[in-house]
Amino acid sequence: LAVAAGLVAASTGASARGAALKALGNPVAIGAGLGVLVAVLHPAVPETLERTLGLIAATASPVALVALGAILARAPIGKGLFAPALVVAAAVKLIAWPLVAFGLMRLIGAEPLVTAVVTTLAACPTAVSVFVQCRAYDAAPELAARIVAVTTLISVVTLPLAASLLPA
């Protein structure tokens, strides 16, 4: 919800209140809210509806990846590859954020396994959902698509490196 509100505010110049209200209409926020309700209330869901929703849910990531590919296909391969925003986003996501996560886990005295899991998750590339949100609010979707692609490519090196540096 916070990401969606931030994107609304950044892309439309809306006030914090206006951005938050508009973000509540975001399909991701609605889905998360419904998921919490289902988890808390445990309603009886007919098997047919559950299977249908499961099939629809299974298409979300592939459809988002096709949309991401369509955006990337329109731009020349090297265009914007070393744009400052892209370089900073990749460095923060793949280097700074895992270091912060590792430091915080050590600071609070988390068990080694918890530290390893949190650090590894922090070192993962930018998710395609970031592109979906940026596209939904027309907040630099091309840049978001490049960030997802570049962090995914770079993480082929950074993820194993991060894993190898973690305590056993």
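The values are calculated or read from the model by the stated rules, or taken from the named source; none is laboratory data. It should be emphasised that the depicted structure is a prediction, and the values quoted were computed from it without experimental measurement. For neighbour counting, all protein chains shown are included, and Cβ atoms are generated from backbone atoms with ideal geometry for every residue, glycine included. Quick note on the areas: whole protein, heavy atoms, side chains included, nothing else; ligands and nucleic acids left out. Shrake-Rupley method; radii C 1.70, N 1.55, O 1.52, S 1.80 Å.
Condition first: open to solvent by 90 Å² or more (accessible area, probe 1.4 Å), modelled with pLDDT under 85 and under 30 Å from residue 165 (Cα atoms). Now tell me which residues in region 78-88 satisfy that.
Within region 78-88, 82 is the sole residue that qualifies.
Take region 150-168 and flag every residue that is in a helix (DSSP H, G or I) and open to solvent by 30 Å² or more (accessible area, probe 1.4 Å).
Applying the first criterion (in a helix (DSSP H, G or I)) to region 150-168 yields 150-165.
The answer is 152, 153, 154, 156, 157, 159, 160, 161, 163, 164, 165.
Are any residues in region 117-126 surrounded by fewer than 19 Cβ atoms within 10 Å (Cβ to Cβ) and either over 16 Å from the mean Cα position of the chain (by Cα) or hydrophobic (A, V, I, L, M, F, W, C) (or both), and if so, which ones?
So in region 117-126, the residues surrounded by fewer than 19 Cβ atoms within 10 Å (Cβ to Cβ) come out as 117-118, 120-121, 124.
Once the filter is applied, which keeps residues that are surrounded by fewer than 19 Cβ atoms within 10 Å (Cβ to Cβ) and either over 16 Å from the mean Cα position of the chain (by Cα) or hydrophobic (A, V, I, L, M, F, W, C) (or both), region 117-126 yields 117, 118, 121, 124.
Which residues, counting only those in region 46-59, are open to solvent by 60 Å² or more (accessible area, probe 1.4 Å) and part of a helix (DSSP H, G or I)?
Step one: list which residues in region 46-59 are open to solvent by 60 Å² or more (accessible area, probe 1.4 Å), which gives 46-53, 55-59.
Within region 46-59, 47, 48, 49, 50, 51, 52, 53, 55, 56, 57, 58 qualify.
Take residue 136 and tell me if it is under 13 Å from the mean Cα position of the chain (by Cα) and in contact (Cβ under 8 Å) with a residue 24 or more places away in the chain. Talk me through it step by step, then tell me what you get.
Working: under 13 Å from the mean Cα position of the chain (by Cα): no; in contact (Cβ under 8 Å) with a residue 24 or more places away in the chain: yes.
When the stated conditions are applied, residue 136 does not pass them.
Might you let me know whether region 127-134 holds any residue that is modelled with pLDDT of 90 or more, open to solvent by 40 Å² or more (accessible area, probe 1.4 Å) and not aromatic (Phe, Trp, Tyr)?
Kept after step one, since they are modelled with pLDDT of 90 or more, are these residues of region 127-134: none.
No, that holds for no residue.
For the structure I just gave you, tell me whether residue 69 is surrounded by 10 or more Cβ atoms within 10 Å (Cβ to Cβ), within 24 Å of residue 148 (Cα to Cα) and either in contact with a Lys or Arg (Cβ under 7 Å, 6 or more places away or on another chain) or not aromatic (Phe, Trp, Tyr) (or both).
It is true that residue 69 is surrounded by 10 or more Cβ atoms within 10 Å (Cβ to Cβ), within 24 Å of residue 148 (Cα to Cα) and either in contact with a Lys or Arg (Cβ under 7 Å, 6 or more places away or on another chain) or not aromatic (Phe, Trp, Tyr) (or both).
Take the residues in region 139-162 that are among the polar types (S, T, N, Q) and farther than 19 Å from residue 73 by Cα; name whichever of them is nearest to the chain's Cα centre (by Cα). Steps first, answer last, please.
Filtering region 139-162 down to residues among the polar types (S, T, N, Q) leaves 151-152, 155, 158.
Then drop every residue that is not farther than 19 Å from residue 73 by Cα, which leaves 155, 158.
Numbers: 155: 14, 158: 17 Å.
Only one residue tops the list, namely 155.
Okay, residues lined up against (1) within 22 Å of residue 142 (Cα to Cα); (2) out of contact with any Cys (no Cβ under 9 Å at 6 or more places or on another chain):
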| site | (1), (2) |
| --- | --- |
| 90 | yes, yes |
| 93 | yes, no |
| 103 | no, yes |
| 107 | no, yes |
| 112 | no, yes |
| 118 | no, yes |
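Out of 91, 75, which single residue is modelled with pLDDT of 80 or more and open to solvent by less than 80 Å² (accessible area, probe 1.4 Å)?
91
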